Amino acid sequence: MLNYFRDIGLGIVTVLKSMGVAWRHLFTPSVTLQYPTQKWTMPERSRSKLFNKIEDCIGCGQCARVCPTNCITIQTEKRGKEEPEIFASDGTAIKLRTYVYDIDMTLCCYCALCTFGCPTHCLFMTGEYEYAVYDKVCHIYPFATEKQMISKTPKQQPAEKA
Amino acid sequence: MESIARLLQLIPKYSELPEFLRALIPVVVSCVVVFALLALAVLFLVWMERKVSAHIQDRLGPMYVGGWHGWAQTLADALKLLLKEDIVPASVDRTLFKMAPFIVFLGAFAAYVVLPFGATSFVADLNIGILYIVAVGSLSVIGIIMAGWASNNKYSLYGGMRAAAQIISYEIPSAMAIMTVIIPVGSLSMVDIVNAQKGGIQNWFILRNPFTFLGFIVYFIASLAEVNRTPFDIPEAESELVAGYHTEYSGMRFAFFFLAEYANMFLVAGVATTLFLGGWTQVIPGSFIAPQLLPGPIVFFLKALLIIFVQMWLRWSLPRLRVDQLMYLSWKVLLPISFVLVLGVGCLAVYW
Amino acid sequence: MNPQEIAALLTEKFGSQILESKLDAMNPWSAVEPSAILAICQFIHSDERLKMDHLELLGGVDYKDRIEVVYVVYSMKFRHRYTLKCRLTRETPKVQTVESVWAVANWHEREAFDMFGIVFDGHSDLRRILCPDDWEGYPLRKDYKFPKTYRDMPV
Amino acid sequence: MEVDYSGDVMTLNMGPQHPSTHGVLRLELKTDGEIVADAIPHIGYLHRCFEKLAENIDYPGIIPFTDRMDYCAAMNMELGYVLAVEKLMGIQINNRVRCIRIIMAELNRIASHLIAAGTYGNDIGSFTPFLWCFRDRETILDLFEETCGARLLYNYNWIGGLMYDVKPGFEKKVIDFIDYFEPQVGNLNKLLSDNYIFVKRTAAVGILSPEVAINYGVTGPNLRGSGVKFDVRKDEPYLGYEEFDFDVPVGKGDYGPVGSCWDRYIVRIREVKESCKIIRQAVAKLTPGDVHESIPKRVKPPVGEVYMRTEAPRGELGYYIVSEGGVKPHRLKVKSPCFTVMSAFREVSRGSMIADVIAILGSFDIVLGEIDR
């Protein structure tokens, strides 16, 4: 019998207490950010869309090798001897012509491992996060600007790993 | 209805219409008026619920649609629901499935007939008014069970069964609590009940004596359970039963369930206002202290909104009860208390 | 108890059924005869000196020439750990279940069955656990070929 | 389809798409009215072949995938992995890396426990604490984003070091957050933990006795909720946790038998406070240093095998790595805490009510990404 009334009493007390806490929160300022009109500034290290500054790319393929999901496709060829020498902005000589540099952002896992391997720091992750598209294909971003000059027979691809 | 009939008299050549039309038109018109008011009230209540919940949770809630604090958000949502495809799953009982939302809504809607919004603004003043509300209000149980059964979904079935058990159980304490008012008034008519509370806040039943005050509390709790609000929302407990009896519903039919839920909320708030908070009467009697600032219906709405706010406030601060605890509360706590209250009020009526 | 003592205790008790022990490894382990695994597990679980009541890990390892089942056991009371290994053939990997010793072995063994095809004798509910019931092959084996389709859906 | 003729028993499939199975878990409930006669969990809907994938990727490349196991506590997941590889390779890390790792791991533990508490409230029917918890968690994620650029899947702990050093002013922000956060726990307690309805719903429900818990290999807060004082951070310290002063809260059965859902829940809440303590100490111990100092150029561990376990928010997380000397692991087996606790679910939930099943499931605080891997 005592328990019965204790239960009722505790129930009433707990309801009042909870309501009190809720009441106080009714007037605390909200933390909502009204997204499309207000945006927060992304921190400088934020990892979103990948970007390759292709003028600085020496085509070494470090990024493609280190990528755990193989989202970077890179194809290069040797630049001809007669072509003028070009340099990346940090002075590294560009000996390879990168004619395919595709990043498939649907596969990217945003780990940023590729950006750390890049010797000329031309590949980096930007803070841009609004790049929704209607077609998955649009998420393959080609960065290469040059055309393939020397037509070569495609090399025998190494057998696919099991 | 009388006032609407009087207004219709102003239309030229109205009296030349045939007798049955003159009887029918006021009914239809008042129904439309009540329905429109109801729809508006529901839209407002949904918006209010979103805002109350948002601010309790340190959010803002809808802010864009309509400009000022997203006031048109529910309107947009309602339109969206109406435009949606009416999906009837393949294996449901089609007739029952289609009927159920309307029966649920009918129960809520029909009860508004006797709810007195103001001294003259009501559809009908039945002499069995409150009995009628209790009776018609429980009609929605049938609709809910129909929905639960017809959906051919186990979660819906659970929801329907829980709702039936719950609503029927809580009818008893709520009816008992209503009796604490009926006994001193001596009439079942809603208008009579309000008139008995005229003359300011001290005459309201909530403050008249401790029995009616407790009666109000019991009625409030029981009515929460009857309209399936947290902490008693086990029929549609989204963490257990997905969405309970309206799991399979979408679009327009779902909107009707939604409408019914909020209409029911407003109904129980309106009944509580009429019974315990003095209905349309002013807080301070106007004639000698202050002028009657607000018209009756507005006072009524404000009082009902206050109760609804408390309902919402409770919903967003309490967890949900379990089925057995819910039944415990009804049969072992509320029912004995309400019996004691009726006894007490009876004694007061006889020996005071 | 340190690993040397545990190994000594096991050798003393089970003798030739302890095939090999490596105590200078990062996780000292003993390879045991597969047929004795249940008896050994019961012993280390109930022995007053060992009380290895917590099975931390049970998993298979495919070494191309054999499949090993690894049992990492731990004692909540004495806070010591030991590793047992069962070496099985790749063709018919079969070992007794230790479900009766540690209840948690039930799911771990199901997982090992699912991934390596190790059959646990006497297991109460040896079904696939992570892959669908009608999946073919044992994915974590080294020679596993990825199927191109599953139920006509491209994988 | 199997038909059960044994009377009033109905099979109710809870999941894989159900609001409170915390992911894609399917529970096959045999119900008799509201009573659950048997609850059989079916897992594997989120199986992403982590262990197979890991055999085909080099060691540093696995770290982003470890993040995706327990996405609520990614820092702790990668911490366990890098510690295992470091143990295998014998890499020593300097004090700065150690302290930053501890701060990050404990911050993430707080974030993870906030999700646990919030969603548990949601399971019981109280929606408000859920958003309050997420509000506070957001601050932690902001700190993470500022440090490593990602909010959820960090790839921050690297083998032998860290991705970046923390930014200047990080320490102050952490301390500010802790100062702000500690009173918030009391607020949560008022609204949820000590709410009588909540207590009635969770205490005396889902009792997991210590013997059963150990037998089922239950670890972490779930084990401590049963009253067993066992914490890998205390009992088998890694990263120098032995230098830190903190308590291991255990379930005491304040409102009923020990090992109930409420005990498991409250252990998490109390652990959050202990984590705050650890963070304060770790920030004080932070010394200057180079976080890239001992990152190896080429991760190629010697032949061998290692079992390393750490205390993740959901329990004891073990990595068993077999190396054959290559740049890829020969075998990587994860002992996930949620997997073992899920195997105990059937035992615990038998004979309870449908609402209790949800309460028990929520109190286990499972993350399906980690169960299915």
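Every residue, every condition in (1) at pLDDT below 85; (2) outside any helix (DSSP H, G or I); (3) of a type in the set (A, V, I, L, M); (4) open to solvent by 20 Å² or more (accessible area, probe 1.4 Å), yes or no:
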| position | (1), (2), (3), (4) |
| --- | --- |
| B:M265 | no, no, yes, no |
| B:T273 | no, no, no, no |
| B:S287 | yes, yes, no, yes |
| B:P297 | yes, no, no, yes |
| B:F300 | yes, no, no, no |
| B:I307 | no, no, yes, no |
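Screening the stretch B:234-288 for residues that are hydrophobic (A, V, I, L, M, F, W, C) and within 14 Å of chain D (Cβ to nearest Cβ) and picking the one that is nearest to the chain's Cα centre (by Cα) gives B:I234. Once the stretch B:321-331 is narrowed to residues that are assigned to a helix (DSSP H, G or I) and at the interface with another protein chain (Cβ under 8 Å from one of its Cβ atoms), the residue that is surrounded by the fewest Cβ atoms within 10 Å (Cβ to Cβ) is B:D324.
Considering the stretch C:1-97, the qualifying strands (runs of 3 or more DSSP E), each wholly inside and each with 3 or more residues that are within 13 Å of another protein chain (Cβ to nearest Cβ) and not charged (D, E, K, R), run over C:54-62, C:67-74, C:81-88.
To keep it simple, each residue is scored yes or no on (1) among the hydrophobic types (A, V, I, L, M, F, W, C); (2) over 12 Å from the mean Cα position of the chain (by Cα); (3) at pLDDT below 85.
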| residue | (1), (2), (3) |
| --- | --- |
| C:L58 | yes, no, no |
| C:V61 | yes, no, no |
| C:D65 | no, yes, yes |
| C:V70 | yes, no, no |
| C:F78 | yes, yes, yes |
| C:T92 | no, yes, yes |
| C:N106 | no, no, no |
| C:R110 | no, no, no |
| C:F113 | yes, no, no |
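Are any residues in the stretch B:169-198 within 25 Å of B:A243 (Cβ to Cβ) and at pLDDT below 85, and if so, which ones? Once the filter is applied, which keeps residues that are within 25 Å of B:A243 (Cβ to Cβ) and at pLDDT below 85, the stretch B:169-198 yields nothing.
Pairs meeting the criteria (first residue in the stretch D:149-164 and farther than 20 Å from A:E128 by Cα and more than 7 Å from chain A (Cβ to nearest Cβ), second residue of a type in the set (K, R) and not in a strand (DSSP E or B), beta carbons under 8 Å, at least 6 apart or on different chains) are D:N157/D:R101; D:L162/D:R101.
Mind checking whether some residue in the stretch A:10-26 is over 29 Å from D:R135 (Cα atoms), out of contact with any His (no Cβ under 8 Å at 6 or more places or on another chain), open to solvent by 90 Å² or more (accessible area, probe 1.4 Å) and in a helix (DSSP H, G or I)? No: zero hits.
Looking at C:L50, C:L88, C:L10, C:L23, can you tell me which residue is open to solvent by 10 Å² or more (accessible area, probe 1.4 Å) and modelled with pLDDT under 80? Only one candidate passes the filter, namely C:L23. Identification of helices (runs of 4 or more DSSP H) wholly contained in the stretch D:1-99 with 2 or more residues that are away from chain A (no Cβ under 14 Å) and open to solvent by 10 Å² or more (accessible area, probe 1.4 Å) yields D:74-89.
For every residue, the table says whether it meets (1) of a type in the set (G, A, S); (2) part of a loop (DSSP other than H, G, I, E, B); (3) open to solvent by 20 Å² or more (accessible area, probe 1.4 Å).
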{"site": "B:S156", "(1), (2), (3)": "yes, no, no"}
{"site": "B:S169", "(1), (2), (3)": "yes, no, no"}
{"site": "B:F211", "(1), (2), (3)": "no, no, yes"}
{"site": "B:L214", "(1), (2), (3)": "no, no, yes"}
{"site": "B:V218", "(1), (2), (3)": "no, no, no"}
{"site": "B:R229", "(1), (2), (3)": "no, yes, no"}
{"site": "B:R253", "(1), (2), (3)": "no, no, yes"}
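Here the stretch A:68-107 is the region considered, the condition is being open to solvent by less than 20 Å² (accessible area, probe 1.4 Å) and among the hydrophobic types (A, V, I, L, M, F, W, C), and the residue that is nearest to A:V133 (Cα to Cα) is A:M105. Looking across the stretch B:309-320 at every residue that is more than 14 Å from chain D (Cβ to nearest Cβ) and either in contact with a Gly (Cβ under 7 Å, 6 or more places away or on another chain) or closer than 14 Å to B:L267 by Cα (or both), the one that is least open to solvent (accessible area, probe 1.4 Å) is identified as B:Q311.
Yes/no per residue for (1) on the phi < 0 side of the Ramachandran plot; (2) within 11 Å of chain C (Cβ to nearest Cβ); (3) in contact with a Cys (Cβ under 7 Å, 6 or more places away or on another chain):
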residue: D:A312; (1), (2), (3): yes, no, no
residue: D:E347; (1), (2), (3): yes, yes, no
residue: D:D365; (1), (2), (3): no, no, no
residue: D:G369; (1), (2), (3): yes, no, no
residue: D:R373; (1), (2), (3): no, yes, no
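Selection of first residues in the stretch B:60-83 that are within 14 Å of chain A (Cβ to nearest Cβ) and in contact (Cβ under 8 Å) with a residue 12 or more places away in the chain and of second residues that are in a loop (DSSP other than H, G, I, E, B) and open to solvent by 30 Å² or more (accessible area, probe 1.4 Å), restricted to Cβ pairs under 7 Å at least 6 apart or on distinct chains, gives the following pairs, ordered by first then second residue: B:H69/B:M63; B:G70/B:M63; B:G70/B:Y64; B:Q73/B:V65; B:Q73/B:G66. Annotation: of all residues in the stretch C:98-120 being outside any helix (DSSP H, G or I) and under 20 Å from C:R141 (Cα atoms), the one that is most open to solvent (accessible area, probe 1.4 Å) is C:V119. Among the residues of the stretch D:291-310, those that are farther than 16 Å from D:G80 by Cα and not small (G, A, S) comprise D:V291, D:H292, D:E293, D:I295, D:P296, D:K297, D:R298, D:V299, D:K300, D:P301, D:P302, D:V303. Take D:A204 and tell me if it is open to solvent by less than 10 Å² (accessible area, probe 1.4 Å) and either among the aliphatic types (A, V, I, L, M) or assigned to a helix (DSSP H, G or I) (or both). Considered against the rule, which asks whether it is open to solvent by less than 10 Å² (accessible area, probe 1.4 Å) and either among the aliphatic types (A, V, I, L, M) or assigned to a helix (DSSP H, G or I) (or both), D:A204 comes out as no. Going by what's in this entry, would D:F144 be described as open to solvent by less than 10 Å² (accessible area, probe 1.4 Å) and more than 25 Å from D:R280 (Cα to Cα)? The answer is no for D:F144. Screening the candidates D:P329, D:P301, D:P237 for the property of being in contact with a helix residue (DSSP H, G or I) (Cβ under 9 Å, 6 or more places away or on another chain) and open to solvent by 10 Å² or more (accessible area, probe 1.4 Å) yields one hit, D:P237.
Being among the β-branched types (V, I, T) and either free of Cβ contacts under 8 Å to residues at least 40 places away in the same chain or within 30 Å of A:Y35 (Cα to Cα) (or both) holds for only one residue in A:T76, A:T98, A:T120, and it is A:T76. In the stretch D:291-342, of all residues being at pLDDT 85 or above and of a type in the set (S, T, Y), the one that is nearest to D:S363 (Cα to Cα) corresponds to D:T340.
B:I56 falls short on exactly one of the conditions (1) free of Cβ contacts under 8 Å to residues at least 12 places away in the same chain; (2) outside the structural domain of B:S140 (by TED's automatic domain parsing), and that condition is (1).
Here B:L75, B:L43, B:L82 are screened, and the one residue that is assigned to a helix (DSSP H, G or I), surrounded by fewer than 14 Cβ atoms within 10 Å (Cβ to Cβ) and in contact with a helix residue (DSSP H, G or I) (Cβ under 7 Å, 6 or more places away or on another chain) is B:L82. When D:V248 is tested against (1) buried (at least 21 other Cβ atoms within 10 Å of the Cβ); (2) β-branched (V, I, T); (3) not in a helix (DSSP H, G or I), exactly one condition is not met: (1).
The values are calculated or read from the model by the stated rules, or taken from the named source; none is laboratory data. Quick caveat, the model's predicted, so the values are computed rather than measured. Glycine also receives a Cβ, built like all others from the backbone with ideal geometry; neighbour counts cover every protein chain displayed. Quick note on the areas: whole protein, heavy atoms, side chains included, nothing else; ligands and nucleic acids left out. Shrake-Rupley method; radii C 1.70, N 1.55, O 1.52, S 1.80 Å.
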